[in-house]
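To start, the structure itself, in structure tokens.
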Amino acid sequence: MNKRRLISGGYAAFISILVIVIAVVINMVVSALPVDFTKFDTTGMGLYKLSEDTKELIKEIDTEVTLYLVAREGSENTIIKEFLRQYTKLNSDIELETIDPEISPSFATPNGTVHTLAQMTENSVIVSSELRDYVADYNSIFTVDYSGYSEEELYYYYSYYGQLPEGQQMFEGEQAVTSAIDNVTTLNLPILYTTTDHQEVELDSTLSEYVKVDNYEIRTLSLATGEGGVPADASCVLINAPQVDITANELEMLKSYVDGGGKLIVTKGYEEAPKADSNLKALAAYYGMELTQGIVLEGDINRIYRSMFSQNAYDIIPIVQTADPIASACSDYNVFTPMADGIIISDQPREGVSVAAVLSTSDSATVNNITDGSVIYSGSVAIAAHATVTSGETTGDVLWISSDYTFTEGIDIYGGNSALILSALGELCDKKVSVSIEGKVLDTDMLYVEPVMLIVIAAAMVLVIPLVIIVTGLVIWFIRRIK
């Protein structure tokens, strides 16, 4: 009987030990596997999921890029570090390293750029290539969105409480890092020149930031003082809501620039005192667009911006004509173009010129005289039109938008105005991939596990728990044996 118990107990102990050994081996094998096969995005918000635009851009990179996470040992932000790893998975030319600012207060990347790490926000990311470096600051990765408040509400709240209200926590990592990678891998960054001398309205600060994040350099241009016309390095020229007409000399400069393959964007609304000899009007006409020099009133109530306090027929939400490549990228948004002039597209533009509507009114719109309100034109008119000029192998472009307010402060209430300018620049400057990427809302409490705790948990799973089971099995076996 004792022999039978001994055999039975020994068999049970052997099976227990065998199971434990198998479990330990499986743990060791899984631990040795690449983390790509063992770690998944369990955030519930898809923080680590990259957009198709980012994937397209990253896969095309053929130069070495290093992502340096600036953080002290043990203080690495686990979300940022894991997020950066997603880029290394997509392209073997992208590497990830961690730089400890306490060990290396000053750090030089291989291209010779020196960074003072002690002055950087911890968990910022230096993106480096042989061309240049770009720093994605921690505060551009984790941001706070106050778009749910008006400027007046923010002002009064801060005045009363001495601080801003609680905003929406956002993760903007993809926007920050993808933009940085695009910047350091683009040989010649496109340059947008904005004209001066005509009392132009400054580009909306938010739109300007979008343009810069999309890696366009913005410079000013004075055609009046310039001797050589538009600079040769200009990717595009923007004349934004000029209040004074261009000169005849500037007219010729701009025509020469576009006919030679240049890209021009003009925003110009109605004039309270239209000039018959307007050089801007002549510029539009040269490219097959007739300005009605009145104010457009929309007759379709569904194409009018309505608020709690006002509803004006001149606050137009135009129809996006998706057949034009510029318009197709902003087809999912409403564009807001108040106080617009009408554009009538010529049926027979001059040879080499083709014109298409980008934005238009409904058929129930009218264009009215500013002075007496009489109707100048009835029916659908273009609010924005795109003229293409072809001469041999050279192609120039003009995008004319007939509202002064299209790119001015506070106008991008639907997101369509920013989509329009980025789409226009991308199409005209042949920048196929835009890095304007929406952030992700951090609306769920995150579970953070520190690296030290991970080691403790792993040790418990691989060593402590199996050892306890083994000892327990041996004790049971021994007790049964002596009975």
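Which of the numbered conditions does residue 397 fail, given that it passes all the others? Conditions: (1) modelled with pLDDT of 85 or more; (2) outside any strand (DSSP E or B).
Going through (1) modelled with pLDDT of 85 or more; (2) outside any strand (DSSP E or B) one by one, residue 397 breaks only (2).
Modelled with pLDDT of 70 or more, farther than 21 Å from residue 200 by Cα and outside the structural domain of residue 324 (by TED's automatic domain parsing): does that describe residue 470?
Criteria met by residue 470.
Quick one: residue 464 ticks every box in (1) out of contact with any Gly (no Cβ under 6 Å at 6 or more places or on another chain); (2) hydrophobic (A, V, I, L, M, F, W, C); (3) modelled with pLDDT under 70 except a single one, so which number is it?
Single failed check for residue 464: (3).
Scan segment 263-285 and tell me whether some residue there is under 30 Å from residue 182 (Cα atoms), out of contact with any Leu (no Cβ under 9 Å at 6 or more places or on another chain) and surrounded by fewer than 21 Cβ atoms within 10 Å (Cβ to Cβ). Please lay out each step first, then the result.
Going residue by residue through segment 263-285, those that are under 30 Å from residue 182 (Cα atoms) are 263-267.
When the remaining residues are screened for being out of contact with any Leu (no Cβ under 9 Å at 6 or more places or on another chain), the result is none.
No: zero hits.
Return the residues of segment 229-245 that are over 20 Å from residue 202 (Cα atoms) and within 28 Å of the chain's Cα centre (by Cα); say none if nothing qualifies. Can you show your working first?
Narrowing segment 229-245 to residues over 20 Å from residue 202 (Cα atoms): 229, 231-233.
Scanning segment 229-245 gives 231, 232, 233.
Given the conditions (1) under 26 Å from residue 388 (Cβ atoms); (2) free of Cβ contacts under 8 Å to residues at least 60 places away in the same chain, and given that residue 301 satisfies all but one, which numbered condition is not satisfied?
If we test residue 301 against (1) under 26 Å from residue 388 (Cβ atoms); (2) free of Cβ contacts under 8 Å to residues at least 60 places away in the same chain, just (1) comes out false.
When segment 92-110 is examined, which residues are found to be crowded, with 18+ Cβ neighbours inside 10 Å and either in a loop (DSSP other than H, G, I, E, B) or acidic (Asp, Glu) (or both)?
Residues satisfying the conditions are 101, 109.
Can you report the number of residues in segment 211-238 which are surrounded by 13 or more Cβ atoms within 10 Å (Cβ to Cβ) and not in a loop (DSSP other than H, G, I, E, B)?
Total satisfying the criteria: 9.
What pairs come up if the first residue lies in segment 197-210 and is among the aromatic types (Phe, Trp, Tyr), the second is in a loop (DSSP other than H, G, I, E, B) and crowded, with 17+ Cβ neighbours inside 10 Å, and their beta carbons are under 8 Å apart, counting only those six or more places apart or on different chains?
Cβ pairs passing all conditions: 210/436.
What's the total number of residues in segment 60-85 that are surrounded by 22 or more Cβ atoms within 10 Å (Cβ to Cβ) and in a loop (DSSP other than H, G, I, E, B)?
Going through segment 60-85 one residue at a time, the tally reaches 1.
Collect the residues in segment 370-413 that are more than 19 Å from residue 337 (Cβ to Cβ) and in contact with a His (Cβ under 9 Å, 6 or more places away or on another chain), keeping them in residue-number order.
397
Residue 367 versus (1) assigned to a strand (DSSP E or B); (2) surrounded by fewer than 21 Cβ atoms within 10 Å (Cβ to Cβ): which is the lone unmet condition?
Unmet for residue 367, out of (1) assigned to a strand (DSSP E or B); (2) surrounded by fewer than 21 Cβ atoms within 10 Å (Cβ to Cβ): (2).
Within segment 87-105, which residues are over 16 Å from residue 185 (Cα atoms), out of contact with any helix residue (DSSP H, G or I) (no Cβ under 7 Å at 6 or more places or on another chain) and among the hydroxyl-bearing types (Ser, Thr, Tyr)?
Hit for segment 87-105 is 98, nothing else.
Name every residue in segment 239-248 that is assigned to a loop (DSSP other than H, G, I, E, B) and either free of Cβ contacts under 8 Å to residues at least 24 places away in the same chain or aliphatic (A, V, I, L, M) (or both), in order of residue number.
Narrowing segment 239-248 to residues assigned to a loop (DSSP other than H, G, I, E, B): 241-247.
Across segment 239-248, the qualifying residues are 241, 244, 246.
Where in segment 125-210 are the strands (runs of 3 or more DSSP E), entirely inside, with at least 1 residues that are touching a His at 6+ places or on another chain (Cβ under 9 Å)?
133-136
Residue 281: over 31 Å from the mean Cα position of the chain (by Cα), assigned to a loop (DSSP other than H, G, I, E, B), among the basic types (Lys, Arg) and modelled with pLDDT under 95, yes or no? Before the answer, list the steps.
On the way: over 31 Å from the mean Cα position of the chain (by Cα): yes; assigned to a loop (DSSP other than H, G, I, E, B): no; among the basic types (Lys, Arg): yes; modelled with pLDDT under 95: yes.
In short, no.
Being more than 15 Å from residue 388 (Cα to Cα) and either at pLDDT 90 or above or among the polar types (S, T, N, Q) (or both) is the filter here; which residues of segment 427-436 pass it? Reasoning before the result, please.
At the first step, the residues of segment 427-436 found to be more than 15 Å from residue 388 (Cα to Cα) are 431-436.
Selection gives 434, 436.
Let me spell it out: the conditions are (1) of a type in the set (A, V, I, L, M, F, W, C); (2) more than 21 Å from residue 200 (Cα to Cα); (3) surrounded by fewer than 16 Cβ atoms within 10 Å (Cβ to Cβ), and residue 248 meets all of them except one. Which number is the exception?
(2)
The values are calculated or read from the model by the stated rules, or taken from the named source; none is laboratory data. All values derive from a computational prediction rather than experimental measurement. Neighbour counts are summed over all protein chains in view; Cβ atoms, including those assigned to glycine, are modelled from backbone coordinates with ideal geometry.
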